[in-house]
Amino acid sequence: DVKVTQSSRYLVKRTGEKVFLECVQDMDHENMFWYRQDPGLGLRLIYFSYDVKMKEKGDIPEGYSVSREKKERFSLILESASTNQTSMYLCASRTQGSSYGYTFGSGTRLTVV
Amino acid sequence: ILNVEQSPQSLHVQEGDSTNFTCSFPSSNFYALHWYRWETAKSPEALFVMTLNGDEKKKGRISATLNTKEGYSYLYIKGSQPEDSATYLCAFGGSNYKLTFGKGTLLTVNP
């Protein structure tokens, strides 16, 4: 089975801290994605990467950056965490091609205090 | 930002009932329509990926249809069971890479 592993299930950080959320997949998928999920707003795309070292902004990239130095790892970086970034963060990956579904990680619930 | 609408927002049914939900999406620049099931405390799980107008997919008691010309998809569950309780998400692929998700339909099946 394809596995997408997110490094932390729960995380509490202070306002202004730099935060790294890590995501690793083990099936050689080209595409990787970061979403956040908030009540009443659904899943919203922050950034995605269609290949190593390639990245594209999603719908809500402000306050975030990403890094994809290796194919299996896609990191989401909160440069200076703020309370409005408290959310559930989901990483996903898939094989290149629109007919393939996503495989999701189990999520990281981040609280910024 | 693309508009992907799901209805109803939530639904309570009795065990054994059949039910269906709707997903509406833009009818232009269509690549794919995905359905996912998201159970509490788990990851979203892919149910179907549909790419052709008129596609019908089935997995056990769950099936889905697709109309790309008018921009809608239906998800059907026949004989709902308590283990079907979850949020059902649809997602529109308007390019070869990313998906835009609807807000989901929360299904609760009472025993």
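Considering only A:V12, A:V52, A:V24, the Gaussian network model of chain A with Cα springs below 10 Å gives its largest mean-square fluctuation to A:V12. Dipole size of chain A about its Cα centre, with +1 on Lys/Arg Cβ and -1 on Asp/Glu Cβ: approximately 240 debye, rounded to the nearest 20. Along the axis of the charge dipole computed for chain A (Cβ charges of +1 for Lys and Arg, -1 for Asp and Glu, origin at the Cα centre), the listed residues A:S75, A:N31, A:T103 are led at the positive end by A:S75. For the protein assembly as shown, a crude dipole built from +1 on the beta carbon of Lys and Arg and -1 on the beta carbon of Asp and Glu, taken about the Cα centre, is about 360 debye to the nearest 20.
Computing Rg and the Kirkwood Rh from the Cα coordinates of chain B gives a ratio, Rg/Rh, of 0.96. With neighbours defined as other Cβ atoms within 10 Å of a residue's Cβ, the residues B:H34, B:H12 order from fewest to most as B:H12, B:H34. The loop-placed trypsin sites (Lys or Arg not before Pro) in the range B:31-111, going by DSSP, that have at most 10 neighbouring Cβ atoms within 10 Å of their Cβ come out as B:K69. Its Cα gyration tensor gives the range A:2-113 an equivalent ellipsoid. The semi-axes, each the square root of 5 times an eigenvalue, are 22, 14, 13 Å from largest down. Restricting the trypsin sites (Lys or Arg not before Pro) of the range A:22-61 to loop positions (DSSP other than H, G, I, E, B) with no more than 13 neighbouring Cβ atoms within 10 Å leaves A:K53.
No value in this document is a laboratory result; all are computed from the given coordinates. These figures come from a predicted structure and were not determined experimentally. Quick reminder, even Gly has a Cβ in these numbers, built from the backbone with ideal geometry, and neighbours come from all protein chains shown.
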